[in-house]
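A quick write-up on the structure given underneath.
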Amino acid sequence: MTPFDLPVSPIITEMSWPTRIVLGPGALARLPLQVARLGMKRPLVVTDQGVVKAGLAARVYDLLAGFGIRFQRFEDVNPNPTDRDAAGGLAAYRAGDCDGLVAIGGGSSLDAAKLVQVLTTHEPPLSRYDDAAGGDRYLKDDMPPLIAIPTTAGTGSEVGRSGVATLPDTGRKTVIFSPYLMPKAAICDPELTVKLPPHITAATGMDAFTHCLEAYLASGFHPLADAVAIDGIRRVARSLPVAFHTPEDLAARTDMMIAAMQGAMAFQKGLGACHALAHALTPISGLHHGLANAVVLPTVMEWNRSAAAARLARVAVAMGEDARAGEEELAARAVDRVRRLSLELQLPVRLRDAGVREEDLPRIAGKAFEDASHQTNPRRCEEADLLELARAAF
Ligand SMILES: [Zn+2]
């Protein structure tokens, strides 16, 4: 049997928007078909030790071997990738004489694979391609294809056009951003997420929520992103608590995988002050990215109320509030809904409870101000505003 002879499944959907997305319980089994379609003969599988220990990498290897597809492995991606992860992956790619990549894991493995992709056809250092410095102009559409298989429902990197890494010559989390970095195919199998520890389901799910919410509120005109974002907000509100309390609920897990993709599709419009602060909280205070967003988000929403009441009111309705209440009232309820969602997910609600030190707040605000995310926040922020937000969230 060749991969093209795999039987059609009644529960797995394939759609292109614009990435080819294979979605549904058991979708992982379609990997050989996507490899064959893209003409890959020797893919490099990029992953991390957590995915290896969970037995998910072995399933990928078995599937590829089952169809006689040779592959090379790189299993050493670190939780917050750096240039070293990219260099290690590139060495494995060259050693295996590879012609494409398959990334399986959370945002770190998916992003690391994108950085390896860049280095296969572009001169180092990676900092040359820093989006904040206009580096996207140096990226060309000549990179080998990437198939992304997420094992969390959070970053949406499987359909996103950015790879993030901490680089020595920028000293910060650096975003490399280009439509050429969008994976050629995403395989979204909700069964891969059912064994996630509940606190990771919660934190990654809140990252997806924050992408949808900040994109929806972001300044600028992007009705396509807005429509996708508001639907993502609806899905997270109804399905994240279910996935948290009933991990094996595949309908909720599927909903969350869709919401994660919607977040990443929508945030090409922009993000906001919450992500600017989160991008500083991870390297300075060691917070998980999704957790950092979850803790800061209600404070940022409250601060944005004066500039975005109408949009926040629609967020409240998407989360289940009665649309007949007035706009100001609904905007206040949106903030309250998000606070209660975090409480239900048993996430800390203050930065001090998440291990952040008060003396680090000025440095966090300084780094956050350097981050481009706040430039599309609906209310204009200065460094002093970011410090005030960080103190309020503390
Ligand atoms: Zn995020």
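The values are calculated or read from the model by the stated rules, or taken from the named source; none is laboratory data. These figures come from a predicted structure and were not determined experimentally. FYI the Cβ positions are ideal-geometry reconstructions off the backbone, even for glycines, and counts take in every protein chain you see. For the accessible areas, the whole protein counts, side chains as well, though only heavy atoms, and no ligand, DNA or RNA atoms are used. Shrake-Rupley method; radii C 1.70, N 1.55, O 1.52, S 1.80 Å.
Taking Cα pairs under 8 Å and at least six residues apart, what relative contact order does the chain come out at, in percent? The partial results should precede the final answer.
Numbers: 813 pairs, mean separation 53.9, N = 394.
Relative contact order, the chain: 14 percent.
Using 0.36 nm times the number of residues separating Y138 and A372, minus their current alpha carbon distance, what extension gain do you get?
Numbers: separation 234, 0.36 × 234 = 84.24 nm, distance 1.91 nm.
Length gained, Y138 through A372: 82.3 nm.
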### Task
Evaluate E = 1/(1 + (r/R0)^6) for Y61 and A384, where r is the Cβ-Cβ distance and R0 equals 56 Å; express this FRET efficiency to the nearest 0.05.
0.60
### Query
Can you list the chymotrypsin sites (Phe, Trp or Tyr not before Pro) in region 186-221 that are in a DSSP coil and have 14 or fewer other beta carbons within 10 angstrom?
F221
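At a threshold of 8 angstrom on Cα-Cα distance, excluding pairs fewer than six apart, so keeping six or more, what relative contact order does region 60-143 reach in percent? Walk me through the numbers on the way to the answer.
Details: 64 pairs, mean separation 19.8, N = 84.
Relative contact order comes out at 24 percent.
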### Query
So what does D131 come to for accessible area, using a 1.4 Å probe and Å² rounded to 10?
60 Å²
### Task
Grab the beta carbon distance between R352 and Y180, set R0 = 30 Å, and tell me the FRET efficiency rounded to 0.05.
0.10
### Task
Find the centroid of the Cα atoms in region 289-354 and in region 215-266, then give the distance between the two in whole Å.
15 Å
### Message
Quick check: pseudo-label points 7 Å beyond the Cα along Cα→Cβ at E359 and E344, how many nm apart are they?
### Response
4.0 nm
### Query
What accessible surface, in Å², does a 1.4 Å probe find on D83, ignoring ligands, DNA and RNA and rounding to the nearest 10?
60 Å²
## Note on the structure
Extend 7 Å from the Cα of A325 along its Cα-to-C-beta direction; within region 334-358, residues with backbone N under 20 Å of that point are 334-345
### Query
When the chain is treated as a GNM, springs tying every alpha-carbon pair under 10 Å, which of H374, H275, H222 comes out with the largest mean-square fluctuation?
H222
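Of the cross-linked pairs K114/K140; K114/K173; K41/K184; K53/K195; K140/K184; K53/K184, which ones have a Cα-Cα span greater than 21 Å in the structure shown?
K53/K184
Within 10 Å, count the other beta carbons around each residue, average over each peptide in 328-335, 242-249, and list them highest first. Could the numbers behind the result be given before it?
Details: 328-335: 20.2, 242-249: 17.0.
Order by mean packing, descending: 328-335, 242-249.
List the GluC sites (Glu not before Pro) within region 353-382 that fall in a DSSP loop (any state other than H, G, I, E or B) and whose Cβ has at most 13 other Cβ atoms within 10 Å.
Working: sites: E358, E359, E370, E382; in loops: E382.
Of the GluC sites (Glu not before Pro), the ones in loops of region 353-382 whose Cβ has at most 13 other Cβ atoms within 10 Å are E382.
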### Mean residue ellipticity (222 nm) of the chain, computed from DSSP H runs ≥ 4 via -39,500 (n - 2.57), nearest 500
-16000 deg cm²/dmol
### Query
How high is the relative contact order of region 178-295, in percent, counting Cα pairs under 8 Å that sit 6 or more residues apart?
36 percent
### Query
Considering only DSSP beta bridges whose two residues both sit in the chain, what percent are antiparallel, to the nearest 5?
35 percent
